[in-house]
Amino acid sequence: RSSDLGGLPPGWTVAVGPLVPPSEAPESFRIARRAADLAARGLLDAPGPVIWCRDHVTTLLLLADEFLLAQLASTTLEPLSGLSGRRREQLAETLLALVRTRGSAPELGRLLDLHPQTVRARLKKLAELFGDRLDDPAERLRLELALLAERALPDQG
């Protein structure tokens, strides 16, 4: 019960694994340890001393294999590798919005708080860099995962 966790000593953190049958307790414990490790490294956003794994399933899954995740980001986002820091960030932000929404320039402009003409210029550059990959659902998923990887593992970007 969450009310039982309120009396933690100052500076302590507790990770609560998924609720499972007793036979799966070792897996729940493994996930809780992983969540505590990620939180200690600043890779899991835990607002308080109690980390509820049920609230972080997507991040825990995404970061389950950091080596493979870094490989995915590196290979999938290779077309952005030749760009300077700020330009790369801008295009990555636009690319993430595009693969998530498949929106038009005006829609993406509202989402990103940018003028549609700015978005059109970015979309043109992304089309040059990624080509038909932007139209392939499987590739869009890879792109989204790779972009999320960069956010989750900033030293990989």
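Miscellaneous remarks
- Counted residues, region 44-67 - those being under 14 Å from LEU153 (Cα atoms) and either at pLDDT 90 or above or touching a strand residue (DSSP E or B) at 6+ places or on another chain (Cβ under 8 Å) (or both): 10
- Of all residues in region 11-37, those satisfying the criterion of being polar (S, T, N, Q) and either open to solvent by less than 50 Å² (accessible area, probe 1.4 Å) or in a helix (DSSP H, G or I) (or both) are SER23, SER28.
- Applying the set (1) over 14 Å from the mean Cα position of the chain (by Cα); (2) over 30 Å from GLY7 (Cβ atoms) to LEU69 leaves exactly one unmet item: (1).
- Within region 47-56, one or more residues are assigned to a helix (DSSP H, G or I), open to solvent by 40 Å² or more (accessible area, probe 1.4 Å) and among the acidic types (Asp, Glu).
- Filter pass, THR59 being within 18 Å of LEU141 (Cα to Cα), open to solvent by less than 50 Å² (accessible area, probe 1.4 Å) and not in a loop (DSSP other than H, G, I, E, B): yes
- All conditions but one from (1) part of a helix (DSSP H, G or I); (2) surrounded by fewer than 13 Cβ atoms within 10 Å (Cβ to Cβ) apply to GLY82; the one that does not is (1).
- Complete set of residues in region 103-157 that are of a type in the set (Asp, Glu) and open to solvent by 40 Å² or more (accessible area, probe 1.4 Å): GLU107, ASP113, GLU128, ASP132, ASP135, ASP136, GLU139, GLU144, ASP155
The values are calculated or read from the model by the stated rules, or taken from the named source; none is laboratory data. Being a predicted model, the structure only gives us computed values, none of them experimental. Note that we place each Cβ from the backbone using ideal geometry, even for glycine, and neighbour counts take in every protein chain shown. Surface accessibility is based on the protein's heavy atoms, side chains included, excluding ligands, DNA and RNA. Shrake-Rupley method; radii C 1.70, N 1.55, O 1.52, S 1.80 Å.
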